[in-house]
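Working notes for the structure below.
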Amino acid sequence: MFSISDLPSAVNGVQFEQPVLFAPCEQRPPDFRYFLRDLVTHKADNSAAVSGGDIYIADFKQTRNIELPDELSQAFEFVSTQQPLSPSVDWRTHLFDAASDADVDTISETIDGLFDALARDGADSIDLTGVSPEAIQAEHLAAILRATYSWRDQVPGWTHAISVAVIALERNGIDANEALTGLL
Amino acid sequence: MLMRGAFGFHVGIAFNPAKKDLHILHLRSHKQLAVDEVRPQNAQCWIGAIVDIPGSVAKQFVPFLRAVAKRLPSIPYGINLLTGVGSFDALGHYKPPRGSDGLTCATFVTEIFAAAGLPLIRLDTWESDLDNIRWGEDVCAFLQSQSVDEEHVAAVRKNISGLRVRPEEVAASAGKSIRDRPVAHRDVKAEIPAVVHAFNLHCPQGCAIELPALTVADKPLGSSIQIK
């Protein structure tokens, strides 16, 4: 049995933004994710220096003891990477850059950052009251609105942002009724 | 994507993670939300429908899927259809409403789409079926065989009502035009024969391709480990 609070956040002298767990493919038992669920917050994109397994961002926020089956004793290890894992992009970065690319990968950065911000700072941190058509990237705003649709009542400025999105999308030659299908 | 599963069919959402080939996001079993790569060497026999959504919307929905796939919330396998509504808080966080015992592979898909403002089905039109009573009992037996905690199994057993969203119904609704969605149960049922026919045409019974077993971890926690 071990205490998660005792586990280091640095490996081989390299500090990480967050502790990581490395699950090598060849040692991975069936259904290993079942056991990961209490240890990790999410799976990280592997850095170029790491291969042969997956990296998971460990959740060491709480002190607790946990037991795992013996066969998992070899399944996880801390890994040293050549470069620290890159943090997610702040969800506002592309939103407030009207010249941002609007391809699916760039929008994915926005939504990934959005999810991290929500998990870290809560719904109140996603404040859309200040958005205006001239100062935002319309498609990133539309994606944020869709990602927050089911709890729109808790997002400050969500309804205002819908109106802004309609104007901004149309100004960019995008059919707002189509792009905001299901949200209007 | 529709494939054979433990209770007939199994359904998931095919998508491309960033810089990767086709993957499937699916609720494999109890607390086993998974993202699996679709590769020829381990390809299950499956058919797929391209969901009719505008390109501008796809650019929003795929990032949402990617974010869920990255976080893989722990979702119990449960059958209460109505209380499962609203299970996703649009952050990919699974927050079941009071009374919900979890989701199935099918309701996971419907809930994800609903959370993104793209509902596939009209749940208020769903009708119960006696066959689903037996299915509910089969689910409980399966969960028990997988050593799922008794409290959860009991909760699922209480929710056996004859209401069920079947994987093939989800597949049928996903194949409808966006103008015709969300789809009423009666309209979905009319499409099932064609879906099943298409599946059997492509994936005949006894085909040589091995299908992965749907299991949960079958060993209880209990041993200590050393972290290297």
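The values are calculated or read from the model by the stated rules, or taken from the named source; none is laboratory data. The shown structure was predicted, so the numbers you read here are calculated from the model rather than taken from an experiment. Neighbour counts are summed over all protein chains in view; Cβ atoms, including those assigned to glycine, are modelled from backbone coordinates with ideal geometry.
Conditions tested, residue by residue: (1) aromatic (F, W, Y); (2) at pLDDT 85 or above; (3) loosely packed, with under 13 Cβ neighbours inside 10 Å.
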position: B:H185; (1), (2), (3): no, yes, no
position: B:C203; (1), (2), (3): no, no, no
position: B:K219; (1), (2), (3): no, no, no
position: B:Q226; (1), (2), (3): no, no, yes
Quiz item: All but one of (1) out of contact with any Pro (no Cβ under 9 Å at 6 or more places or on another chain); (2) surrounded by fewer than 19 Cβ atoms within 10 Å (Cβ to Cβ); (3) touching a residue at least 60 places away in the same chain (Cβ under 8 Å) hold for B:A190; which doesn't?
Solution: (3)
Practice problem: Return a yes/no flag: does the range B:35-53 have any residue that is within 7 Å of chain A (Cβ to nearest Cβ), surrounded by fewer than 21 Cβ atoms within 10 Å (Cβ to Cβ) and within 30 Å of B:A194 (Cα to Cα). | Solution: no
Self-check item: Listing of helices (runs of 4 or more DSSP H) fully contained in the range A:130-184 that carry 2 or more residues being hydroxyl-bearing (S, T, Y)
Solution: A:158-171
Exercise. State yes or no: is B:K19 touching a helix residue (DSSP H, G or I) at 6+ places or on another chain (Cβ under 8 Å) and either of a type in the set (F, W, Y) or at positive phi (or both)?
Key: yes
Quiz item: With respect to B:I24, is the statement that it is within 15 Å of B:A106 (Cα to Cα), surrounded by 15 or more Cβ atoms within 10 Å (Cβ to Cβ) and out of contact with any Cys (no Cβ under 8 Å at 6 or more places or on another chain) true?
Solution: yes
Exercise. For the range B:84-107, indicate whether the set of residues that are modelled with pLDDT of 85 or more, more than 14 Å from the chain's Cα centre (by Cα) and in a loop (DSSP other than H, G, I, E, B) is non-empty.
Key: no
Quiz prompt | Criterion violated by B:D21 - all others in (1) in a loop (DSSP other than H, G, I, E, B); (2) charged (D, E, K, R); (3) at pLDDT 85 or above satisfied | solution = (3)
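Condition first: within 8 Å of chain B (Cβ to nearest Cβ), buried (at least 19 other Cβ atoms within 10 Å of the Cβ) and out of contact with any Gly (no Cβ under 7 Å at 6 or more places or on another chain). Now tell me which residues in the range A:115-124 satisfy that.
A:L118
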Practice problem: Tell me which of these A:V166 doesn't satisfy, since it passes every other one: (1) of a type in the set (A, V, I, L, M); (2) touching a residue at least 24 places away in the same chain (Cβ under 8 Å); (3) over 19 Å from B:A67 (Cβ atoms). | Solution: (2)
